[in-house]
Amino acid sequence: MSNSPIDVVLIGGGIMSATLGALIQRVQPDWTIRLYENLGEVAQESSNPWNNAGTGHAALCELNYMPEASDGTVDPAKAIAINEQFQLSRQFWASLVTSGDLPEPSTFINSTPHMTFVHGRDNVTYLRKRYEALKDQPLFAGMEYTEDPAVLAEWTPLLTKKRNPRQRVAATRVPAGTDVDFGALTKALVDDLQRRGADVALNHKVRSIKRTKDGLWKLKVRHQVGHTPHEVTARFVFVGAGGGALHLLQKSGIPEINGFGGFPISGQFLRTSDPKIVAQHQAKVYGKAAVGAPPMSVPHLDTRVVDGQTSLLFGPYAGFSPKFLKTGTWWDLPGSVRPGNLIPMLAVAKDNFDLIKYLVGELLANRAKKMKALQEFMPTAKSEDWELITAGQRVQVMKKDAKKGGVLQFGTEVIASEDGSIAGLLGASPGASTAVPIMLDLLKRCFPDRYDAWLPTLTELVPTIGTTLNDRPAEAERVTAATADILHISR
C-alpha cells in the first residue's frame, strides 16, 4: 500500500460504501479508492440478507410511513417520497445491469408482491383509508384492496387457513413489489469496485481518524489477523460502518457530530425453508406495529430469496443490547456517551418509556410468545417448522432538540463536516433501499464544486435524478416499466 494520500477512503463494507464507491468511480475514474472492512467478508452486518428484511422499501406495504393523524386522516406524502427514492435505486441498478457491471438481476432482486394485512374493526377502517389515499397515485398503480377472506386466500393461503371466520380482516396487495438480497448486491458492487482498480482491505479495522495540519485525514488502521498497525492519509473519508459509524465520527473531532447519540435495538426472526410451507406464501406481508414499538419492529411475514433458495421470514422480535454491531462489544453504548450528547440521551430515555417497556417485554418473550405472534399472521404455524435466527443490530439516531432536549429519530441521517471532506451515515430504515438517493445527496453536499460537472454522467446512470415521477403519470409508467424489464421484475 502506497504512502501517498488516498483520494477516497470508504470505511465499512456494506451497501452504502459500495454504492458511493460505484458512483465515484464513474464520475471521477482517476481517483484512488480504498475500502476498509473490519470482517473477513463484505456485507456481513446490516447488509447481510438474514440481518434485514430485504423489502425493497417502496412504502407499498409499510404502514409506519402513513400514520393516522389525530383527526383520522392519512397523508400519503412520506410514502410517495420513499417510493420516489426507491425508483432512483432501481434506475441505478438497471444501468449497471445494462452495462454488464452487475450480474443477472435474479441474483439480487426478485418479484415479490407487497401486501399489508390487518384485523379488527379500527385497523380495517384505517387500511381502507390508506388504500383510498394511495390507489390513484401513479407510483402505487395496481394496488388492490380486499376484505374478503376468499380473495385473501387466493393471494396467500397461509393468512386464512384456520383463521376465525368472524374476525374482520383487510389487506392490500401490489404485485409489482420486490425482494432484494442486499448482501448479494453489495458483493457484486464491491467486485466491480475491485475490477475498476479500487483496493479492498478485508480484516482491517479503522481505529481512529484525525485531521492533519494540511487538511487531510490520518487514519490509524489495524489488520485484524496479524494485528499489524499502519497509518494512511485520505482526502475524503466516508464512514459507512453501520452502528460503528458514531464512534468513528466522534473520534474525528468534527463539531457536526456533537449532540448525536445512538440507541441500539437488537432483533430476531423466525425462519422456515420447508418447501410445503414456502409454496403457500409468495409475498411480503406487513402488519401494524404494537403500541410503543419502533418502526423497524413492524411484524411481517416475508418471502426471501437468498442464494437461489426461497424461505419465509417472520419478525422481527425486537430487544435491547448495548452492542452497536452484531459483532460489536458490550461497551459500545456506554463508550459513545459524551458531554455533548448526554442530555439528549437522557431526554430520549425520559420521553420514550413506552418504547423501553416494549423492548424489555420483547427481550423477555419466550418461544411460545414468539410463536403466538407468528400465528396471528399464520394460524397454522407449528413451532417445529421454524428456527430462530439473530438479526442485525440497528442503531437509531438520538439528537438534540430545542424543545425536548433530545429526540429519537427513526430514519437515516448523513453527518458531514463543513468542508465536506468527511461524512458518515447514522440510522437505519429505510436504509439500504434508498442507498442510491442518499449517496447522490452526499455527493452534492460534499463535492459542490464538482457536482455540476458530474451531473451529465449521473443523469445517464439515474435518468430522473433531480425530478419526481409521481406528479408525471406517463413518465412514471415509462420509467418503472423500463427498469422492471431490465431487472426482470413485475411491472
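The values are calculated or read from the model by the stated rules, or taken from the named source; none is laboratory data. The structure presented is a predicted model; accordingly, all values stated were derived computationally and were not measured. Cβ sites come from the backbone with ideal geometry, for glycine too, and all protein chains shown count toward neighbours.
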Considering only the stretch 277-288, I want to know if a residue exists there that is out of contact with any Leu (no Cβ under 7 Å at 6 or more places or on another chain), closer than 22 Å to Thr107 by Cα and surrounded by 21 or more Cβ atoms within 10 Å (Cβ to Cβ). yes
The stretch 86-200: helices (runs of 4 or more DSSP H) wholly inside it with 3 or more residues that are surrounded by 19 or more Cβ atoms within 10 Å (Cβ to Cβ) are 121-134, 182-195
Since Val479 meets every condition but one in (1) part of a strand (DSSP E or B); (2) out of contact with any strand residue (DSSP E or B) (no Cβ under 6 Å at 6 or more places or on another chain), which condition does it not meet? (1)
Within the stretch 36-72, track down each residue that is farther than 30 Å from His227 by Cα and in contact with a strand residue (DSSP E or B) (Cβ under 8 Å, 6 or more places away or on another chain). Ala53, Gly54, Thr55, Gly56, Ala58, Leu60, Cys61, Glu62, Leu63, Met66, Pro67, Glu68
Hey, does the stretch 9-16 have a residue that's crowded, with 24+ Cβ neighbours inside 10 Å and over 18 Å from the mean Cα position of the chain (by Cα)? yes
Working only within the stretch 212-245, note down all residues that are at pLDDT 95 or above, basic (Lys, Arg) and closer than 24 Å to Pro448 by Cα. Lys218, Arg235
Which of the residues spanning the stretch 211-223 are more than 25 Å from Gln28 (Cβ to Cβ) and either among the small types (Gly, Ala, Ser) or exposed (fewer than 15 other Cβ atoms within 10 Å of the Cβ) (or both)? Lys213, His223
Would the stretch 271-281 turn up any residue that is assigned to a loop (DSSP other than H, G, I, E, B), in contact (Cβ under 8 Å) with a residue 40 or more places away in the chain and out of contact with any helix residue (DSSP H, G or I) (no Cβ under 8 Å at 6 or more places or on another chain)? no
Scan Ser70, Ser47, Ser95, Ser106 and give me the residue that is under 28 Å from Gly240 (Cα atoms) and at pLDDT below 95. Ser47
Single match in Leu442, Leu455 (criterion: free of Cβ contacts under 8 Å to residues at least 60 places away in the same chain and surrounded by fewer than 23 Cβ atoms within 10 Å (Cβ to Cβ)): Leu455
